[in-house]
Structures are given as structure tokens and as C-alpha cells.
Amino acid sequence: MTGRESLRGGLRAVWKRLHRWIGLGGGALLVLIGLTGSLNVFYREIDAALNPTLYRPASPDRRIGLSEALRAAVQVDREPVSQIATPDGVWPVWVIVHAHPDGRLWTTMIDPSDGRVLGRRDTGTAFAHLVYRLHYTLLLRDWWGKEAVGVVGIGLLLSALSGLWLWWPKPGRFRRSVTLRRGVSRQRFWLDLHGAAGFWACAVLVVVAVTGTGHVFPGLMRPVVGLFSPVATLPSPSLPASDAPRLGADAILAAVRAAYPKAAVSRLNPPSGSRNTWRVFLAPPRADPAFRSDGVLWLDPWTGRIVEDRSWSAMSNGTRYQTLQIWLHNGSVAGLPGRLLAFAAGFAPLLLFASGFTIWRSRRTRLRALATA
């Protein structure tokens with residue numbers, strides 16, 4: 001055996017051991033995060049389907065502006081407004097989030113056609129939001145749950161890359177390695193299934209793992225992206241206090257639309273205790289409704305002047321990537337086909353874990369039988 005063959009054999013043994021123990025040790029978590037991730041691709045559609053009365057306006061007409069919607073929401077909930085989602089094709093109502101002193105977020109839905117309050121709820125009790133938190137924090141937000149999910153994302157990346165190394169076929173065997181053959185033994189069937197499923201899902205799983213890990217650990221990904229293009233952090237600027245009257249919400253919205261007439265406004269954060277500027281999220285025109293933002297503006301609440309511009313045209317390529325991470329993660333950058341691909345990829349860990357575990361158990365059973373023979 002040559003030195004090169006020996007090195008390759010040693011590397012293969014290392015990758016095989018790593019691949020096996022990531023799968024066996026973290027497989028159940030990967031399955032859970034994958035399945036909940038699939039549901040999260042259609043998070044808002046699921047919520048609208050489960051709660052139709054909250055998202056069913058009396059008419060498709062949008063006569064009620066932002067200021068009037070806020071006035072209607074304040075009538076039923078006096079707590080500060082932390083976020084506003086504008087009506088779109090999935091949630092065709094004003095969705096206004098109130099931050100309560102106990103840490104809970106309550107949501108009020110306002111009919112944009114007549115200003116009627118369609119309902120309000122504790123956001124944390126919604127099924128779709130529960131699935132979202134399970135995916136993002138394992139319901140352990142205060143116990144490093146988000147960081148645990150990030151570590152699982154790193155494990156997924158290592159598992160995908162090691163699996164690709166182990167699967168890599170010899171010349172002339174590619175087609176055989178990406179399909180299921182008939183008339184083979186049960187063990188061979190599971191091996192073929194594991195290899196073929198891993199190959200077809202690998203590219204998407206790598207993207208999901210990299211973007212998910214980068215979202216949880218931005219400080220880890222930012223220096224890597226910075227090697228190729230500068231990456232700016234997104235500040236939350238505040239301005240010196242002023243005695244001038246603050247502009248109404250409609251005036252802020254009009255200032256944004258005057259500066260960026262082609263962009264869609266998807267979300268707004270009113271001034272808060274830690275930030276006295278408006279924060280406004282822009283989305284590309286005619287984008288998939290799940291593609292919620294490709295830029296952010298901060299505006300002076302007294303004049304409507306743009307204080308900080310992080311719109312698409314004002315960002316470096318590195319900052320653009322950081323901004324798009326979450327939308328690459330759920331596939332919405334590529335529209336509905338991308339979301340369907342991300343949805344399907346969420347089932348890949350289940351298939352790979354089931355086939356991998358079956359292969360491992362079968363081999364252990366066979367080895368034990370040989371040892372006792």
C-alpha cells in the first residue's frame with residue numbers, strides 16, 4: 001500500500017467515525033429540527049389556516065392606514081407596540097405586536113378595510129409560533145437552547161460533508177450510487193437508500209446548515225464572509241431628544257415610500273426605550289411573501305429623515321449575504337420552488353437517520369452473531 005493510499009484510508013476511517021457518531025448521537029435532534037424547520041417554511045400559511053377568523057378581512061379594500069390601525073389596536077391593548085406587520089397576500093391584515101411587562105407578546109389583528117379588531121392573542125400560545133420556537137430554541141430560550149441548535153447545525157454540516165466523502169463513487173459508478181437498485185438484499189437496499197438520499201439532499205442541507213449556524217452565531221460567520229467582502233453590523237441608532245412633535249406613523253411610512261417607491265414595507269418597529277428612531281424593513285417588490293426583508297432603514301421620528309440606510313443598494317455584498325441568511329435558510333429567496341425544496345430537505349434527516357440507524361444495527365447484529373458462532 002502506498003503512502004497516499006494509507007493516508008486516504010486513514011482519512012476515510014476518521015470521516016466514517018465522525019459521520020457515524022454525529023448521526024447516532026445527534027440524529028434525534030437533527031430529525032426534530034429538520035421536521036420543525038419544514039413546518040416553519042410555511043409558518044405564516046399554517047397560522048392563517050389554523051386561525052382563519054384572525055386573518056379574514058371583510059373586504060379586499062385597504063382603506064385603513066397605519067396610524068388608524070394603531071389607534072384601533074391601542075383601544076384593546078395599552079402596552080407599547082414593538083412591531084407592526086403590514087398586510088400582504090398571506091396575512092392580509094395589520095398585525096400589531098404589543099410587548100407586555102411580563103415578557104409576553106400579545107398580537108392584535110386589525111381589518112385594513114374597516115379598522116375592526118379581528119382578534120388578539122398571546123403570541124406564545126399559537127401553534128405555529130410554538131413550532132417556530134421549538135425549531136429555533138428547542139423551547140429552551142433561557143437555557144442556551146438557541147446555541148444548542150447552532151451546535152446541531154455545525155453537526156449537520158460536518159455530517160453532510162463527511163457523508164459526501166464516504167459516498168464518493170469510483171469512476172463509472174455515479175449513476176449506480178444515486179439510484180435504488182432492484183433485487184438487492186435488505187442491507188444493500190438501506191445502504192443504497194442512505195447514499196442516494198444523502199447525495200440528493202446534500203447541497204440543500206449544506207446551505208441550511210451554514211445559514212442556520214450563521215444566523216445563530218453571526219460573530220462566527222461574519223469574519224469568514226468578511227474575507228470576501230466587508231460586513232457591516234446593523235446598528236440601532238438613537239438621536240438626541242427633541243421637544244418637537246413626533247410625526248405620525250403614516251408620515252413615517254410616506255417618507256419611506258418617497259425614498260424607496262418600488263420597495264415594499266414589510267415590518268416596522270416604532271421607537272422604544274432603547275431606540276428613539278423608527279426601524280423599517282424593506283422587501284423586494286413582488287417577492288415571495290416569505291421573503292420578508294432585504295434591507296432596513298432607521299428614520300428620525302421628528303422629521304422622517306433617514307438616519308441609517310441599510311437598504312439593498314447601500315450594502316456591500318458581504319452585508320447583503322448576512323441580510324439574506326434567514327431567507328436562504330427557508331428557501332424564500334428562490335420563491336415558492338425554493339421554499340418547497342427547503343420543505344422537502346427538512347425530511348432528509350429523518351430518512352437518513354432511519355436508514356443509517358438500520359444499517360448500524362444490522363451490522364452490529366451480524367458481528368455479534370459471528371462472535372458467538
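The values are calculated or read from the model by the stated rules, or taken from the named source; none is laboratory data. Because the structure is a prediction, the values reported are computed rather than measured. Reconstructed Cβ throughout: ideal geometry from the backbone, glycine too, with neighbour counts over all protein chains shown. Only protein heavy atoms, including side chains, enter the accessible area calculation; ligands, DNA and RNA are left aside. Shrake-Rupley method; radii C 1.70, N 1.55, O 1.52, S 1.80 Å.
Please pick out the residue among Ala13, Ala48 that is modelled with pLDDT of 75 or more, closer than 25 Å to Leu134 by Cβ and part of a helix (DSSP H, G or I).
Working: Ala13 fails: closer than 25 Å to Leu134 by Cβ.
Criteria check complete, one pass: Ala48.
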* Which residue out of Val184, Val206 is hydrophobic (A, V, I, L, M, F, W, C), more than 18 Å from Leu350 (Cα to Cα) and open to solvent by 30 Å² or more (accessible area, probe 1.4 Å)? -> Val184
* Do we find a residue being touching a Lys or Arg at 6+ places or on another chain (Cβ under 8 Å), under 30 Å from Ala344 (Cβ atoms) and at pLDDT below 90 anywhere in the stretch 234-253? -> no
* **Residues located in the stretch 277-315, provided they are over 22 Å from Leu340 (Cβ atoms) and of a type in the set (Ser, Thr, Tyr)** => Thr277, Thr303, Ser311, Ser313
* Asked: From the list Arg186, Arg173, which one is under 20 Å from Arg12 (Cα atoms), among the basic types (Lys, Arg) and more than 31 Å from the chain's Cα centre (by Cα)?
  -> Arg173
* Among the residues of the stretch 177-236, write down those that are among the charged types (D, E, K, R) and farther than 25 Å from Arg279 by Cα. => Arg181, Arg182, Arg186, Arg188, Asp192
* **Qualifying positions in the stretch 116-147 - crowded, with 17+ Cβ neighbours inside 10 Å, more than 17 Å from the chain's Cα centre (by Cα) and either basic (Lys, Arg) or assigned to a loop (DSSP other than H, G, I, E, B) (or both)** => Arg120, Ala126
* What are the pairs, 6+ residues apart or on separate chains, where a residue within the stretch 51-72 that is in contact (Cβ under 8 Å) with a residue 12 or more places away in the chain has its Cβ under 7 Å from a residue that is open to solvent by less than 30 Å² (accessible area, probe 1.4 Å) and charged (D, E, K, R)? -> Pro57/Asp111; Ala58/Asp111
* Asked: Filtering the stretch 240-263 down to residues that are within 22 Å of Gly89 (Cβ to Cβ) and without any contact (Cβ under 8 Å) to a residue 60 or more places away in the chain, which residue is surrounded by the most Cβ atoms within 10 Å (Cβ to Cβ)?
  -> Ala263
* Structure fact -> The correct count of residues that are part of a loop (DSSP other than H, G, I, E, B) and without any contact (Cβ under 8 Å) to a residue 40 or more places away in the chain in the stretch 191-238 is 3
